[in-house]
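One structure is given below, encoded as structure tokens.
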Amino acid sequence: MIELRARNFALLTLFVLLAVGMSARYTVSPVRAIGVANIVVTSVYWGSNPMDPSTAHPGDVNSVVSLVLSNVGDDVARGVNATLFLGPPLTYNYYVNGAQLSASSITKIAGDIAAGSSFTVGYTVSVDSNAREGIYRYHVQLSYKSARELQQISNDVMIDVPLWKGELHTQSVVTLPTKIYPASKQVLVRVGIVNSGKGAAKDLELRLDLNLPFSASSSSSDRIYVGNIPAGQTIEADFVIDVADDALFGQYSIVLGEQVGDQLLPVDTISLYVNEKVKFDIRSVTPDTVSAGDSGRVIKVELKNEGSVKADSVRVQLRVGNFFTGTLTDFLGTILAGETKVAYFTVDIDSKAEPRQYNLDFRIDWTQEDNALDDTLTLPLFVATPGAPVTLIAVGVIVLIAAGAFLFARRRRMKANQAIAK
């Protein structure tokens, strides 16, 4: 009995082992799971060109922030939608019947995206004018269906949106000519400006805030539109100015600013140095009165250097009207500080010149430290009515002298005769 039970147990054990072995041999492996689509955000940039992205800065209106949606799964994503939820400093404004409305989110349709493909969606937003620089995080909801199983998929992701400003600084200031003086005109001021910020400076109009003794040479020559300056880039801005005639020599500071509407936002301060210029003074004019019809009148002009620097190659010229001709230029050479020199002019005055005071231009040209300079003073000259010809005057004088001598001699003879008669 015991042996029978043992035999049955052995047979049962063998049967179980055979059953298990057959089961292990013919079991089918599980079928591989069907793939799904997987949409992710692979890039975020400002603008619409990924090869040349822009930057946004406070106060921008209708700027585009682009999101690159990529399907990293192994199935087609159907009906892809991407909703961007907004928050400060970004806003989305639109108009209905002339009224401005705002939305807290923007949804863009990307359609179908094949596995391994990408699609870019752009959101038009505005940036608060008081926004600070930095990186802002925003919530994006992605919704789509996987093509094989048509199951609805919704993913929430966070994106980083950078907001950087341009930071402008002056790098260099040069003038043409290199040295400027009182009364200098059409001076080119070239300012090198670098953007040392992390973002681009956009739509820039720069202006010099000019005060005396400086002024714009012409309308708008104190401002220039330079457009955009990318981060790290340098540009040159040219301005054209005049220096007042009575400017004192020394260093002046001028504010360079960004023109925004009616406001000038300071960018930096530049310095200009006005050099001392020789100051001339007419000390005397001899004669100061001539007559209409005079010919070959020599006019002597004493000219003094009132400055503290010398003037080289000094040339003077009388610039006169139609009634004056003759030798109207003289060369005086070097005039030291405090020195006086005399210029001579030989002038003919038309007989038709009206009797009055004429204010003639007395132009002075000279070189100072290899710079060609000039100045124009006023030389007053009075023209009197024509007098009697010199020859007639001389004859009259001779006649008067002879008559006087004759009368004197006659009186002496009469006295002598009276004395003899007595």
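What distance in nm separates the two pseudo spin-label positions at D203 and T378, each 7 Å out from Cα along the beta-carbon direction?
5.0 nm
Cut-off under 20 Å on the C-alpha distance; same-chain residues fewer than 8 positions from K341 excluded. Which aspartates and glutamates are left, in chain and number order?
Once the sequence-local aspartates and glutamates are set aside, what remains near K341 is D281, D288, E302, E306, D312, D330, D361, D365, D374, D375.
Normalising by the residue count of region 168-274, find the relative contact order in percent from Cα pairs under 8 Å and 6+ residues apart. Before the final figure, lay out the partial values.
Numbers: 266 pairs, mean separation 34.8, N = 107.
Averaging sequence separation for qualifying contacts and normalising by length gives 33 percent for region 168-274.
If you add up the charges near N275, with Lys and Arg at +1 and Asp and Glu at -1, over every other residue whose beta carbon is less than 10 angstrom from its beta carbon, what do you get? Write down the numbers at each step before the final one.
On the way: positive: K179, K277; negative: E276, E369.
Cβ neighbours under 10 Å give a net charge of 0.
Please give the contour-minus-distance gain from R190 to D160: 0.36 nm per residue of separation, less the Cα-Cα distance, rounded to one decimal in nm. List each step's numbers first, then the result.
On the way: separation 30, 0.36 × 30 = 10.80 nm, distance 3.96 nm.
In short, 6.8 nm is gained.
What are the lysines whose alpha-carbon lies under 19 Å from the alpha-carbon of K202, with same-chain residues fewer than 8 places away excluded?
Counting by Cα, and skipping residues close in sequence, K202 has these lysines nearby: K165.
I want the local charge near N62. Using Cβ-Cβ distances under 15 Å, sum +1 for each Lys or Arg and -1 for each Asp or Glu among the other residues.
Details: positive: K202; negative: D60, D128, D203.
Within the 15 Å Cβ shell, the charges total -2.
Contact order normalised by length for region 39-163, with contacts defined as Cα pairs under 8 Å and 6 or more residues apart; what percent is it? Could you put the intermediate results ahead of the total?
Details: 312 pairs, mean separation 39.3, N = 125.
Reported relative contact order: 31 percent.
List the pairs from K179/K310; K179/K279; K300/K352; K279/K352; K277/K300; K108/K145 whose alpha-carbon separation is above 27 Å, in the order I gave them.
On the way: K179/K310 16 Å; K179/K279 17 Å; K300/K352 23 Å; K279/K352 36 Å; K277/K300 25 Å; K108/K145 16 Å.
Where the Cα-Cα span goes over 27 Å, the pairs concerned are K279/K352.
Please work out the Cα center distance from region 206-267 to region 268-322, rounded to the nearest Å.
33 Å
Going by amide H atoms built from the backbone, whose H comes under 5 Å of the H on N93, apart from near neighbours?
HN-HN under 5 Å from N93: S126.
With Cβ to Cβ distances under 12 Å as the rule, what net charge do the other residues near W164 carry (K, R +1; D, E -1)?
Working: positive: R132, K165, K198, K202; negative: D60, E133, E167.
Net of charged neighbours comes to +1.
If we count other beta carbons within 10 Å of each Cβ, what is the order of R356, R207, R190, fewest first?
R356, R190, R207
Under the Karplus relation 6.51 cos²θ - 1.76 cosθ + 1.60, θ = phi - 60°, what is the ordered set of whole-Hz ³J(HN,Hα) values for region 214-219, x standing for Gly and Pro?
10, 8, 5, 5, 8, 4
If R0 is 22 Å, what FRET efficiency do you get for E354 and R315 from their C-beta distance, rounded to 0.05?
On the way: r = 30 Å, r/R0 = 1.36.
That gives a FRET efficiency of 0.15.
No value in this document is a laboratory result; all are computed from the given coordinates. It should be emphasised that the depicted structure is a prediction, and the values quoted were computed from it without experimental measurement. Counting neighbours? That spans all protein chains shown, and the Cβs are built from the backbone with ideal geometry, glycine included.
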